[in-house]
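So the structure is just underneath, and the comments pick up after that.
The values are calculated or read from the model by the stated rules, or taken from the named source; none is laboratory data. None of these values were measured; they are calculated from a predicted model. Cβ atoms come from the backbone with ideal geometry, glycine included; neighbour counts cover every protein chain shown. These area figures cover heavy atoms from the full protein model, side chains too; ligands, DNA and RNA do not enter into them. Shrake-Rupley method; radii C 1.70, N 1.55, O 1.52, S 1.80 Å.
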Amino acid sequence: MKKNLTISILFLFIFVSVGVGFGFLLAQPAAIPPSLSEDINNESTVGLTKDFLSDSRDVQISVAVAPKQQLSAPVSGLITGLICSPGAVFSAGESNLSVSGQPVLNLATSSPLWRDLVAGDRGEDVTALTSELSRLGFSVRVSDVMQAHTVQVVNVRLAELGASVEDKNVIRRASILWLPSPAVSVLSCDAAVGSNMSDGQAVASLTAPVVGVRLSSALNGLLPGARVLEFGDESFSLDEKGQIVDPVELERFQTSARYIEITASFGKDLIGAGSPEDQSASFSGQYKLIEPLEAWALPPSALASIDGESACVISDSTPFKVDIVSSSLGKTYVIFGEGISVPQRVELHPKMSLKC
């Protein structure tokens, strides 16, 4: 009996020992392949990534305008035709208005015509008219003396537009709608087809003429290179002071879809209705490089001996001087000197005392 008890205890011990050993084996983690056990952060070099930086900046632009103007009817009568809507453009050489069945010719003379003109008339108004006709491409001689040929040119154009010219030897003031510039955009229409109008009555209020555009945002750390102002879908060149002063560019700005959209949405009281010191408004735009700058992205740790906007990198024991142009989201963008063969990789943690 004692012998059997001893054997039972021995078997129990063996069984427990085997179970514990088996459980220990099951508890051990699986062996990790050497390739996965390596430290992925032990790279000593890093590759360079090429990028193109347009350095686009959100900017505010100040738009200076002249006092608001209106187009005034040159004749009394029933309006039988009017092509007008907020944002519409009246262009010189065309017709938007018909009075009593007679189309009126748009012309942007330096001052409004104040009289009928015939061959032989002299004056500044004759010079203004012949200058405008010449600008439009008509074959007339710019002069302060009215020529019979010039009278004929104007009346032929009126006939092309559908007017019945009773006296071909006279340019009627009543047949000319004066525009303050070659193309003007409408802020609001002040007349309607079917209504009677008087000589001098407002036909349309115009978007206040733009006389200057300038950057009003303070800009620091701009990348080198020529820039443009993007406003809506169009781009405009600025001078060295950050302004648009060229009359052609100012006219293009004023007739741009974005400017017309903004001014039309505000109605008559946006700008141009107050005193001279109030003749300005602020808009948003983008200021960017015309040609994006080619740069290389690196981790900041790859740069050594940083001195302002210059630093050093090293590749295969060769140091390179670089210029720091920008940084974003843990990347530093650099450019190499002209003619330098850009290395594919550089040291990730160079000595801070590295000289180049």
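Listing for the model above:
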| item | result |
| --- | --- |
| Counted residues, the stretch 127-156 - those being closer than 27 Å to SER100 by Cβ and open to solvent by less than 40 Å² (accessible area, probe 1.4 Å) | 10 |
| Residue among ASP239, ASP246 that is open to solvent by 70 Å² or more (accessible area, probe 1.4 Å) and either among the acidic types (Asp, Glu) or in contact with a Pro (Cβ under 7 Å, 6 or more places away or on another chain) (or both) | ASP246 |
| Of all residues making up the stretch 301-321, the number that are free of Cβ contacts under 8 Å to residues at least 24 places away in the same chain and in contact with a strand residue (DSSP E or B) (Cβ under 7 Å, 6 or more places away or on another chain) | 3 |
| Members of the stretch 223-234 that are among the hydrophobic types (A, V, I, L, M, F, W, C) and surrounded by 12 or more Cβ atoms within 10 Å (Cβ to Cβ) | LEU223, VAL228, LEU229, PHE231 |
| Verdict on ALA304 being crowded, with 17+ Cβ neighbours inside 10 Å, touching a Cys at 6+ places or on another chain (Cβ under 9 Å), at pLDDT 90 or above and farther than 28 Å from PRO182 by Cα | yes |
| Check on VAL126, at pLDDT 95 or above, of a type in the set (Val, Ile, Thr) and either on the phi > 0 side of the Ramachandran plot or not in a strand (DSSP E or B) (or both) | yes |
| Residue among SER76, SER85, SER111 that alone is in contact with an Asp or Glu (Cβ under 8 Å, 6 or more places away or on another chain), on the phi < 0 side of the Ramachandran plot and loosely packed, with under 14 Cβ neighbours inside 10 Å | SER111 |
| Residue under evaluation GLY21, criteria (1) in contact with a strand residue (DSSP E or B) (Cβ under 6 Å, 6 or more places away or on another chain); (2) at pLDDT below 95, criterion not met | (1) |
| Cβ-Cβ under 9 Å pairs, at least 6 apart or on other chains, the stretch 240-264 side modelled with pLDDT under 85, far side open to solvent by 80 Å² or more (accessible area, probe 1.4 Å) | ILE260/PRO86; THR263/PRO86; ALA264/PRO86 |
| Residue satisfying condition, being among the basic types (Lys, Arg), over 42 Å from the mean Cα position of the chain (by Cα) and at pLDDT 95 or above, within set ARG157, ARG172 | ARG172 |
| Residues located in the stretch 96-110, provided they are farther than 25 Å from GLU124 by Cβ and small (Gly, Ala, Ser) | SER98, SER100, GLY101 |
| Subset of the stretch 64-116 that is in contact with a helix residue (DSSP H, G or I) (Cβ under 6 Å, 6 or more places away or on another chain) and farther than 26 Å from GLY137 by Cβ - its residue that is modelled with the highest pLDDT | VAL75 |
| Restricting the stretch 203-222 to residues that are among the small types (Gly, Ala, Ser) and open to solvent by 20 Å² or more (accessible area, probe 1.4 Å), the residue that is farthest from PRO86 (Cα to Cα) | GLY221 |
